[in-house]
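Novice: Structure provided below as C-alpha cells; questions to follow.
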Amino acid sequence: MRLALKLTSDAEDAKDLMQDTFLKALKNCDKFVSDSNFKGWIVTIMKNTFINNYHRSLRYSAFCDHSKSHQQGNETSAAYIEDPYSVFFSKELRKMIDSLDEDIRMPFKMHQEGFKYKEIADALRLNIGTVKSRIFFARRKLIKQLN
C-alpha cells in the first residue's frame, strides 16, 4: 500500500492501483517463476501499471479537455484558442481515419486511444502480430494520403 500511495499521492487512486496490480498478477500467475522474488514481481507489475495508466491519461487529456474555461465556453484562454487551419486539419484527419478499411481502422483507433497491442488483440480476437501490422498499414495509408 505504501508504494501505491507514494506513486499516486492519493488514497483512492492507490487502492485502485493495488486492485489493478493484483488483478494483473492473478491473471498472469502462470508467468511467475517459483524460485524468483515474488515481492519484486508484484512491485514491477505495480510500477508498470502506474506508468501505463499515467501515459494513457496523458493521451486522453491531450484529446479531451475538461477544464472549466473549456466547458463554460464564454471564457477564452490563449491555450484553448484553435486556429482555423488546426480545426480544418483535425476534421480532415478524422475523415481520413474513418475512411480506412474496418480491419485496419479499428486497431488503429484503439491504439490511438491508448490501448496496448495485447489489449487490442484480445478485444478484436487477433494475434498481436496481426494487430501491429494492421496499425502499421493504417499509418502507411494515412501518410500516403497526406502526401
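Novice: Can you say whether Lys95 is of a type in the set (Lys, Arg), at pLDDT 70 or above and in the same structural domain as Arg125 (by TED's automatic domain parsing), as far as the supplied structure shows?
Specialist: Taking the combined requirement at face value, the residue satisfies it.
Novice: Taking His55 as the residue in question, decide whether it is under 30 Å from Met1 (Cβ atoms), at pLDDT below 80 and outside any helix (DSSP H, G or I).
Specialist: No.
Novice: Looking at the range 70-79, is at least one residue in contact with a Phe, Trp or Tyr (Cβ under 9 Å, 6 or more places away or on another chain), assigned by TED's automatic domain parsing to the domain that holds Arg2 and either at pLDDT 80 or above or not acidic (Asp, Glu) (or both)?
Specialist: Checking the range 70-79: not a single residue is in contact with a Phe, Trp or Tyr (Cβ under 9 Å, 6 or more places away or on another chain), assigned by TED's automatic domain parsing to the domain that holds Arg2 and either at pLDDT 80 or above or not acidic (Asp, Glu) (or both).
Novice: Name the one entry in Leu142, Leu100 that is outside any helix (DSSP H, G or I), surrounded by 10 or more Cβ atoms within 10 Å (Cβ to Cβ) and modelled with pLDDT of 80 or more.
Specialist: On inspection, the qualifying residue turns out to be Leu100.
Novice: Condition first: within 16 Å of the chain's Cα centre (by Cα) and either farther than 29 Å from Ile51 by Cα or charged (D, E, K, R) (or both). Now tell me which residues in the range 106-147 satisfy that.
Specialist: Passing the criteria: Lys109, Glu113, Lys116, Lys118, Glu119, Asp122, Lys132.
Novice: Turning to a different aspect of this structure: Any chance you could count how many residues in the range 110-139 are farther than 18 Å from Lys95 by Cα and surrounded by 12 or more Cβ atoms within 10 Å (Cβ to Cβ)?
Specialist: Of the residues in the range 110-139, 18 are farther than 18 Å from Lys95 by Cα and surrounded by 12 or more Cβ atoms within 10 Å (Cβ to Cβ).
Novice: Continuing with this model, one more query. Modelled with pLDDT of 90 or more and in contact with a helix residue (DSSP H, G or I) (Cβ under 6 Å, 6 or more places away or on another chain): is that true of Arg125 in this structure?
Specialist: Considered against the rule, which asks whether it is modelled with pLDDT of 90 or more and in contact with a helix residue (DSSP H, G or I) (Cβ under 6 Å, 6 or more places away or on another chain), Arg125 comes out as no.
The values are calculated or read from the model by the stated rules, or taken from the named source; none is laboratory data. All figures in this text were calculated on a predicted structure; none of them were measured in a lab. Reconstructed Cβ throughout: ideal geometry from the backbone, glycine too, with neighbour counts over all protein chains shown.
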